[in-house]
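Read through the structure below, which is laid out as structure tokens, and then see the notes.
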Amino acid sequence: MAEKILIKKLSTKDQFEKLVEIQKTVWRHPDLDLTPVHQFSISCFMGGLVLGALVDDQLAGFVYSFPAIYQGKFCHHSHLLAVLPEYRGYGLGKRLKWAQRREVLKMGLDVVTWTYDPMQSRNANLNLHTLGGICRTYLPDFYGETPSLRLGSGIPADRLLVEWPIKTAPVEQKVRGKKELPLAPDSYPKVLEGKVASNGQYLPGKPRLRLKEPIILAETVPNVESLRPTPEVIAAWQAALRQVFKSYFGRGYAVIDFSFGEKCYYVLSNRLKNIMPEECGDRKKSCKKLKS
């Protein structure tokens, strides 16, 4: 483990050029799909934020966000978070997000948003369980025909939109490292569960779309990357989760947590006002009205 880890703002052309190289290494995207130096430059000049994680003075990862408006209120949208493979296990992703929270709070904002692929369980665990984000918006095939953003040929680039209420008490408790009791999956009804098919594949069962309990669980796969050789399995799980999220989001439920383990579950609740500030839980209101 390295002795010195530092999170700091990045602002120079030389630093931004290193971010392009990190993107290439982490995601192996073609140049067309990389965020370029000039985008980082103008974003930072106009209120954006780029934070770098340095390990023994070596740039190991970064997080990038910019000012945005969502549901009629000002926020920051976090577009990129990347950590080089050789530095994973240092907790840099979490450190970058907590540092991002501190900086966005200084701007007077109380929400950070970002998108992620709902099939990526490790990301879900960070976004929802570790950081305390919530999801109530499903974006079908949001990034369209971009191969690098899909899980396989013909699989839509679906995304969940994370809303991170950075001033709320639950998030404050996570910042302070408050211990939480592990979720007991057997205690809650399942809207989606996996089953072993006759060919040995682990596939989703039929979604249960008429549950009304305040807490329900939707199973997902622990490691979608291991399923790359069987895109039909990925497609089946994606389609089932899409059906679940669109149905229950439409009925006032939101994803409020994630249980990561040998079996993974999204935790949905219809008691959002217990988690989000009252004015933020109501989509018909704004936490900060836009000024004309």
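What the table shows:
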{"item": "Within segment 39-137, strands (runs of 3 or more DSSP E) holding 3 or more residues that are of a type outside the set (Val, Ile, Thr)", "result": "49-55, 58-70, 73-83"}
{"item": "Any chance ILE234 is closer than 30 Å to LEU109 by Cα and touching a residue at least 60 places away in the same chain (Cβ under 8 Å)", "result": "no"}
{"item": "Any chance LEU54 is surrounded by fewer than 20 Cβ atoms within 10 Å (Cβ to Cβ), within 22 Å of ARG88 (Cβ to Cβ) and without any contact (Cβ under 8 Å) to a residue 40 or more places away in the chain", "result": "no"}
{"item": "Count of segment 195-213 residues which are in contact with a helix residue (DSSP H, G or I) (Cβ under 8 Å, 6 or more places away or on another chain) and part of a strand (DSSP E or B)", "result": "3"}
{"item": "Selection count where residues are crowded, with 18+ Cβ neighbours inside 10 Å and not in a strand (DSSP E or B), scope segment 244-259", "result": "4"}
{"item": "Residue match in segment 92-100 (condition: more than 11 Å from the chain's Cα centre (by Cα), surrounded by fewer than 19 Cβ atoms within 10 Å (Cβ to Cβ) and not hydrophobic (A, V, I, L, M, F, W, C))", "result": "yes"}
{"item": "Residues satisfying the stated conditions in segment 184-224, i.e. among the small types (Gly, Ala, Ser) and surrounded by 11 or more Cβ atoms within 10 Å (Cβ to Cβ)", "result": "GLY194, ALA197, GLY205, ALA218"}
{"item": "Enumeration of residues in segment 138-178 that are touching a strand residue (DSSP E or B) at 6+ places or on another chain (Cβ under 8 Å), in a loop (DSSP other than H, G, I, E, B) and surrounded by 20 or more Cβ atoms within 10 Å (Cβ to Cβ)", "result": "ASP158, ILE166"}
{"item": "Residues satisfying the stated conditions in segment 9-35, i.e. of a type outside the set (Val, Ile, Thr) and over 22 Å from the mean Cα position of the chain (by Cα)", "result": "LEU10, SER11, LYS13, ASP14, GLN15, PHE16, GLU17, LYS18, GLU21, PRO30, ASP31, LEU32"}
{"item": "Hits in segment 66-85 (condition: more than 16 Å from ASN123 (Cβ to Cβ) and either of a type in the set (Ser, Thr, Tyr) or without any contact (Cβ under 8 Å) to a residue 12 or more places away in the chain (or both))", "result": "TYR70"}
{"item": "Any chance CYS287 is surrounded by 19 or more Cβ atoms within 10 Å (Cβ to Cβ), assigned to a helix (DSSP H, G or I), modelled with pLDDT under 95 and in contact with a strand residue (DSSP E or B) (Cβ under 8 Å, 6 or more places away or on another chain)", "result": "no"}
{"item": "Residue selected from segment 157-199 under the condition among the β-branched types (Val, Ile, Thr) and closer than 30 Å to ALA239 by Cβ, by the criterion farthest from the chain's Cα centre (by Cα)", "result": "VAL196"}
{"item": "Options VAL224, VAL175, VAL244; residue that is in contact with a Lys or Arg (Cβ under 9 Å, 6 or more places away or on another chain) and at pLDDT 95 or above", "result": "VAL244"}
{"item": "Residues within segment 1-38 that are part of a loop (DSSP other than H, G, I, E, B), in contact (Cβ under 8 Å) with a residue 40 or more places away in the chain and surrounded by 14 or more Cβ atoms within 10 Å (Cβ to Cβ), tallied", "result": "3"}
{"item": "Lone unmet requirement of (1) at pLDDT 95 or above; (2) in contact with an Asp or Glu (Cβ under 7 Å, 6 or more places away or on another chain); (3) surrounded by fewer than 18 Cβ atoms within 10 Å (Cβ to Cβ); (4) not basic (Lys, Arg) for HIS129", "result": "(3)"}
{"item": "Hits in segment 21-40 (condition: more than 15 Å from GLN58 (Cα to Cα) and either touching a Cys at 6+ places or on another chain (Cβ under 8 Å) or aliphatic (A, V, I, L, M) (or both))", "result": "VAL26, LEU32, LEU34, VAL37"}
{"item": "Filter pass, ALA184 being of a type in the set (A, V, I, L, M), within 18 Å of TYR265 (Cα to Cα) and in contact (Cβ under 8 Å) with a residue 24 or more places away in the chain", "result": "no"}
{"item": "Subset of segment 221-262 [of a type in the set (Val, Ile, Thr) and in contact with a Ser or Thr (Cβ under 6 Å, 6 or more places away or on another chain)]", "result": "ILE256"}
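The values are calculated or read from the model by the stated rules, or taken from the named source; none is laboratory data. No experiment lies behind these values; they were computed from the predicted model shown. Positions of Cβ are backbone-derived with ideal geometry, glycine not excepted, and every protein chain shown enters the neighbour counts.
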